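Nothing in this text is a laboratory measurement; each read-out follows from the coordinates by a stated rule. Please read all numbers here as calculations on a predicted model, not as lab measurements. Reconstructed Cβ throughout: ideal geometry from the backbone, glycine too, with neighbour counts over all protein chains shown.
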Amino acid sequence: MGASADLLTRIFAALLGLLLLWPQAAPAQERGLEVDLELVLLVDVSRSMSPAELELQRRGYAEALASDEVFQAIRGGLLQTIALTYVEWAGGQETVVDWRLIQSRADLDAFAEALTVRFDSSFRRTSISSALLYGSDRIGGNLYEGLRRVIDISGDGPNNLGPRVLEARAEVLSRGITINGLPLMTEGNGPSFFHLENLDIYYATCVIGGVGAFVVPVTDWSDFAAAVRRKLVLEIAGRTPPARLLQAQARDPRDCEVGEKIWRDFRRGQDFMP
């Protein structure tokens with residue numbers, strides 16, 4: 001009888017210990033679901049983009065996401081799962097497709113279909129800096145824990161609104177997030193006054209950064225979907241294209257304010273030659 005009582009006492013003590021530890025364990029949804037990659041797609045819809053180009057962008061991303069190459073890149077990951085969101089930006093930002101867990105081909109198809117439901121008008125100005133900070137906050141506020149975290153930003157011009165782009169980039173990089181770029185260098189993509197030659201160099205110098213950061217320039221709209229597909233595969237697989245690797249460099253910081261200078265001189269009715 002004494003042995004049985006002692007056993008019951010020990011069992012009770014063990015159960016009590018487990019109950020005391022229970023409140024310390026956070027709920028699964030608060031801890032975050034682990035994924036291979038948290039990826040924010042930031043897509044330019046500024047006034048310099050025509051309605052046809054805006055629609056082409058959406059359809060280009062939809063086509064790329066529905067491709068076999070992107071699906072195989074996801075399947076090649078350790079967890080075979082990514083978290084993805086699609087945001088359009090100009091002077092402000094709008095989340096078109098909120099965070100979704102992508103594991104299957106059906107998940108990719110559903111995300112791609114959501115991009116083609118509606119097409120909105122473009123907004124004014126170009127604030128790369130605000131878009132980067134918005135994307136960073138989107139990553140910080142989701143319920144996922146990515147082995148890697150990436151912001152992928154496209155655009156057809158330099159920053160001309162909001163915080164300085166170097167300051168925004170530094171803030172994003174301090175959070176352990178990599179920034180990749182898709183500079184749109186197509187002909188006829190907006191008023192010539194705001195056109196910037198070598199936009200890919202601007203992106204490489206002032207915008208991208210972090211581990212394995214790269215740019216994939218688009219010089220012809222007919223190549224847009226293919227460029228997006230290549231970029232997504234590289235990001236999801238965690239690879240960098242050696243031939244296109246353009247790391248962020250410490251050049252003259254005034255180069256990174258070229259967009260603000262163009263806008264300033266435009267308002268003054270002056271010509272500015274970057």
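Exactly which trypsin sites (Lys or Arg not before Pro) in segment 31-133 are in a DSSP loop and have at most 14 other Cβ atoms within 10 Å?
Arg118, Arg124
Grab the Cα-Cα distance for Thr95 and Thr240, subtract it from 0.36 nm times how many residues apart they are, and report the gain in nm with one decimal.
Full-extension gain reported as 49.5 nm.
Exposure proxy check: Ser67, Ser174, Ser50, Ser129 ranked by fewest other beta carbons within 10 Å?
Exposure proxy ranking, most exposed first: Ser174, Ser50, Ser67, Ser129.
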